[in-house]
Amino acid sequence: MSTGSGAPSAPAPNSHHDTVSDDATATAPGTAPALAAGPAATPRKGTFSSLRIRNYRLFATGQMVSNTGTWMQRIAQDWLVLSLTGSSAAVGITTALQFLPMLLFGLYGGVIADRFAKRTLLFLTQSAMGLTGLALAVLTLSGEVQVWHVYLVAFALGMVTVVDNPCRQAFVSEMVGQDELSNAVSLNSANFQSARLIGPAVAGVLITAFGSGWAFLFNGLSFLAPIAGLLMMRTSELHEVERAPRSKGQLREGLRYVSGRPDLIWPIVLVGFIGTFGFNFPIWLTAFAHHVYHQGAGTYSLFNGLMAAGSLIGALLAARRAGSRLRLLVGAALLFGALEIAAALAPSFWVFAALLAPIGMVGLTINVTANASIQMATDPLMRGRVMSLFMMVFVGGTPLGAPVVGWVTDTFGPRTGFVAGGAISMGAAVVIGLILARVGGLRLKIDLRRGRRHVAFVPRSCPTTSSAERDLAPAA
């Protein structure tokens, strides 16, 4: 494995070397080790192949229940803040506070995940997340809730997520091994999006009939399911992964490792731009429901449900792919931005609603492709730190973008805010796609002749096509 300075010098079992062809590892010093995230000829797997593993079935079942509760709380929390304040910017502040800890402390969460037993850490974090839901339920049901209470609970939940997110991401490989990792990552996303279909629908009914407090209560109790699943796991069947010993400079070691790997750093930068400016859906969907279409919580739940349906389809399609290519990531990011702009300019309610499903599908493709390609290309000893950086940039960028996007939405209107997010996503996809093409020794070729591929990346001069070039060049 080619590593950055300070990274482990020998490839660990089931590491990046197993997923990249030999010609990719034989690059010249100082160049990208490989931009391919998987071999082109890997056989297609069954959609649910990783569910054959008992430990992963327990994990997935528990996550399905708690994810449903989490989505119920998200819908109830956003609507509660909007009801208390009438401000889209206040919804943006809530979102920012929930993800600010990831931006500030995310890398430390990765160090903790690499150093301690992940199953034990998850038991603690899932318990703490359940308590935050119960606390908000008590405040709301008692009629004492104020907006600063919601802000405080959102920040506390974000602090727990700092450790939970990289730990949960890295624990997947310990349950299923490297061979099923890509499939399990996709099924995790399908799990999350299935809950996103159920949670908002149930939350909409509960909020309309009884109020937000019952949604918070369900979320708090839902964490009993993943806790039970963790306790029931057979530890002897987990794939043993070496833990990083306690030492100085582990944070810098992780950053050096990523900075020396173009196949890691540029996908992380791309999802950072999209996560910061393109994924602010709580702000836009509440604004469109409330200010553009003058509807209530039921319409907001409908919008979330439509996005979830598209995301679920995207996750199931991703589960059938054997590998994750960077050209798919760049193409999906470009299409994602274009769809957001189209939705922002939609002339009617139903056109806007119809575009939410493809936005969800393409957005999920970005998430799964980046997640799987980065995990599969990373040394297991560094995985917690690399995934914490990925989550810090993807999720933690929201505190920077949400207040700005909320202000633009309040000042210039929901349509302008949505257009801005889509335009930034498209711009980032174009720039980083060109950077990856340059790193891979490719150039953009435009051929407008009839019967020819009009736009393609082709090798600059070398007649032999490397694996990096195959990754970005269009399929035949």
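The values are calculated or read from the model by the stated rules, or taken from the named source; none is laboratory data. Computed from a predicted model, the values in this text were never measured in an experiment. Backbone-built Cβ (ideal geometry, glycine too); neighbour counts: all protein chains shown.
Some values worked out for this structure:
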item: Among (1) touching a residue at least 60 places away in the same chain (Cβ under 8 Å); (2) over 21 Å from the mean Cα position of the chain (by Cα); (3) in a helix (DSSP H, G or I) - the single one residue 264 does not satisfy; result: (2)
item: Any hit, the range 329-348, residues being in contact with a His (Cβ under 9 Å, 6 or more places away or on another chain) and either within 30 Å of residue 252 (Cα to Cα) or outside the structural domain of residue 162 (by TED's automatic domain parsing) (or both); result: no
item: Count of residues meeting criterion [in a helix (DSSP H, G or I) and more than 16 Å from residue 66 (Cβ to Cβ)] in the range 136-159; result: 16
item: Filter pass, residue 357 being touching a Phe, Trp or Tyr at 6+ places or on another chain (Cβ under 6 Å) and surrounded by fewer than 23 Cβ atoms within 10 Å (Cβ to Cβ); result: no
item: Condition broken by residue 200, with the remaining ones in (1) surrounded by fewer than 21 Cβ atoms within 10 Å (Cβ to Cβ); (2) part of a helix (DSSP H, G or I) satisfied; result: (1)
item: Boolean, residue 211 is assigned to a helix (DSSP H, G or I) and in contact (Cβ under 8 Å) with a residue 24 or more places away in the chain; result: no
item: Count - residues of the range 323-357 that are in contact with a Ser or Thr (Cβ under 6 Å, 6 or more places away or on another chain) and either in a loop (DSSP other than H, G, I, E, B) or under 18 Å from residue 309 (Cα atoms) (or both); result: 4
item: Criterion: more than 16 Å from residue 64 (Cβ to Cβ) and under 23 Å from the mean Cα position of the chain (by Cα) - qualifying residue of 194, 189, 182; result: 182
item: Tally of residues being among the hydroxyl-bearing types (Ser, Thr, Tyr), within 15 Å of residue 82 (Cα to Cα) and under 15 Å from the mean Cα position of the chain (by Cα) across the range 277-322; result: 0
item: Enumerated helices (runs of 4 or more DSSP H) restricted to the range 19-134, each holding at least 3 residues that are at pLDDT 80 or above; result: 54-85, 88-115
